[in-house]
1. What longest region of chain A stays clear of GluC sites (Glu not before Pro) that DSSP places outside H, G, I, E and B and that have at most 11 other Cβ atoms within 10 Å?
2. Name the lysines eligible as straight-distance cross-link partners of B:K286: C-alpha to C-alpha under 21 Å, and not fewer than 8 places from it in the same chain.
3. By count of other Cβ within 10 Å, fewest leading, how are A:H139, B:H74 ordered?
4. Give me, ordered by chain and number, the residues 5 or more places off A:Q117 or on other chains with an amide H under 5 Å from its own placed amide H.
5. Assign unit charges at the C-beta atoms only (+1 for Lys and Arg, -1 for Asp and Glu), then state the dipole size of the protein assembly as shown relative to its Cα centre in Debye, rounded to the nearest 20.
6. Would you kindly derive the ³J(HN,Hα) couplings of the stretch B:211-220 from the backbone phi angles with the Karplus curve 6.51 cos²θ - 1.76 cosθ + 1.60 (θ = phi - 60°), listing them in order in whole Hz, with x for Gly and Pro?
7. Could you order the peptides B:268-279, A:97-108, B:210-221, B:112-123 from most to least packed, using the average number of other C-beta atoms within 10 Å per residue?
8. Considering every residue in A:35-42, what mean count of other chain Cβ atoms within 10 Å of its Cβ is obtained?
Amino acid sequence: MGELLQQVAAGLATGSIYGLLALALVLIYRSTTVINFAQGEMAMFTTFVAWTMLHWGPYWLVFILILLMAGALGALIERVVIRPVEGAPTLNVIIVTLGLFAIFSNVATIVWGGQPQAFSHYPINDETVKLGAVVLSVHDLAIMLFAALIMISLYAFFQYTPLGLAMRATAQNSTASRLMGIRVGRMLTLGWALAASVGAVAGMFVAPIVLLQPPMMLAVILYAFAAAVLGGLDSPFGAVVGGLIIGVTESLVGTYTPKEWLGPEMALTVTVCIIILVLVIRPTGIFGKRVMRRV
Amino acid sequence: MRLSSPFALRLMGFALLAFFLIYWLPFSHALPDGLPMRFGTYRTIQASIACVWVMVALGLNILTGYNGQISLGHTAFVATGGYTAAILMADQGWPFWAVLIPAGVVSGALGLAIGIPALRLSGPYLAMATMALALAAPQVLKKYDGLTHGTQGISVRGGWSTAPGFIGDTVTQDQWSYFVALFVAVVMTLIAWNIVRGRVGRAFVAIRDSEVAAAAMGINVPRYKTIAFAISAIFAGIAGAAYTQVVGYIAPESFNVLRSINFLTTIVVGGLASITGSILGAISFKMVDDISDFLPLGEGPMAEQVPWALYGGLLIVVVILMPYGMAGAIRRFQMWLAFRKPSERRIALGGPALGIVAAIAVSELAGGSLGIIVGLAVALAITYSLWLPALVRGGARGYSRWVAALRGSRGPPGFATPEDGPSDDRSDAER
């Protein structure tokens, strides 16, 4: 029982990271129906910038600065390369994000080199905390805490502020929002900025675990995509739940399936099979809205 | 018969293409004596792999471009075909020509199996489900190593197709593999052409444009959507078999999910719902590998990263400026040309003509990809000099105006706005 709880807790910690990045994907998808495949690489890039800045300043100051810078980066990307393809087929926009992916991952390697770097100025140490039968590192706890914090503040922002309301309106019906006087273009830019900031947080938490290196977000972004799809692409809540489900499933499959023909190496395969199964039963994800089509 | 009649032009075009593919590409390094030819064997292998990617792109374009179903899992189909071929050739001793059909059949069966659950999914959900396949493929291949030889992969160098008798004396193994790949690619192109122009292809397009309308016209929507998946997988499987022949070796890591994503990029850049587009996209994608050969980057990480960073930038520019890919750009160029003054037409056509000459000349002297890039630059520079004033004027009025000028009706040809693409090109892949 203790072993099971331990595995679930470990799964929840990694799942929170997937969930955070999935949340970033959903923020963009809701307003523009585009999967931003560059999300993970943007986060990796900002984390590298943070790593450079940590040589000069304290962690929490850098953390806040990076959130702002990531937001600015997201806004810039939306204005410069996403805006021109606004009316084009969605597939074209996805290809643009893939182009960004190539740029960020390769520029990061050119600037900072391909060697893994320890994210050493990280203030949260490796000490563990005992919660009942479960032993968790402080880092894992911090991840879960931050994921929850971001979820709650985003929820409050969308639900209780006029700006959040305007953004939700834009996501729901951009033509009507424009007629109501909402600056739709600005809302889209803001959406990208928010998503980039949320992604940057995920990057800052992944780096201490897997070492800071250009391909570090590659697996994470694929899992985050899976999480967002599993939860339903228009539901921010679903994205986080999807991330947690995937994290826990992976952790459990790795531990409890027979080693001869499944085991840890096949954890990913089993997880994606489960996702496909869920999708076949619920084609728009667990919390996704069913789309009615008028002919 | 006049030399400029459409038939004569087309004939000359085909003759030039045949010369290029059958003689110049595999053999030309032997032509001028004493010149530093570093592009002999290497270029032949690159061209053979380009033939393989052309087949994958054709299959994916039938599924995504014509039928509107997105797939991020095509490496799994390529791997299935490739492994079927490799196991039959290396372990069972089958000849190459005999394994093509089993490779297609096994991969097609997998496509059928994926196509049925895919009926319920669309857009990003379908993309995720197919990407799952691509994610799982390398792991499955590594884990069940009784059949697949695990991480070490399978080498077919002992059992691959070699040139028969007298031909074997004149061509090397790489050149022979190139001809094999070219032959298979040409046959598959003809098959693809016939599929998309026939009843089945029209059913695919009808389903893509509106499933309800297609069903009302009496098309069995689930059946044709599943068939599209199967056909697409057959193309990828046969491409996989050709890949095994060309490379002589196959391993789980040859097929990761990033390559799947690249296939999708290929057909969007080339042009969705277009046979020409699939071919152009696959070839241009293969050329990215070569950029590092002529940029002064030296060895090490710079030589590997800079071309791909440039590729990313190029991808964005191409997609912004040519929403319908290269095929759409060519079509638009033809339309534009039909309504021009003869003087402008001469300049516009002279660009590509001089470009081809420059491409051949430079690649003979310095190497294949540099030649193609220089040729492209010459062609674009001459052709687009006609619109330079308009572009400068647009640029002076701000970024978005400039992009609009590039894409708009008064901008250069080939840069269609989404609104004026031909209806056949409009893709619902994402809806």
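None of the figures in this text is laboratory data; all of them are computed from the coordinates on show. This structure is a prediction, so every number in the text was calculated from the model and none was measured. Cβ atoms come from the backbone with ideal geometry, glycine included; neighbour counts cover every protein chain shown.
1. A:128-259
2. Hits, sequence-local ones excluded: zero.
3. A:H139, B:H74
4. Amide H neighbours of A:Q117, under 5 Å, 5+ apart: A:L212, A:Q213.
5. That gives the protein assembly as shown a dipole magnitude of about 2820 debye.
6. Calculated HN-Hα couplings, in order: 5, 5, 4, 5, 4, 5, 7, x, 7, 6 Hz.
7. Going from most to least packed, we get B:268-279, A:97-108, B:112-123, B:210-221.
8. Partner-chain Cβ atoms within 10 Å, mean over residues of A:35-42: 1.
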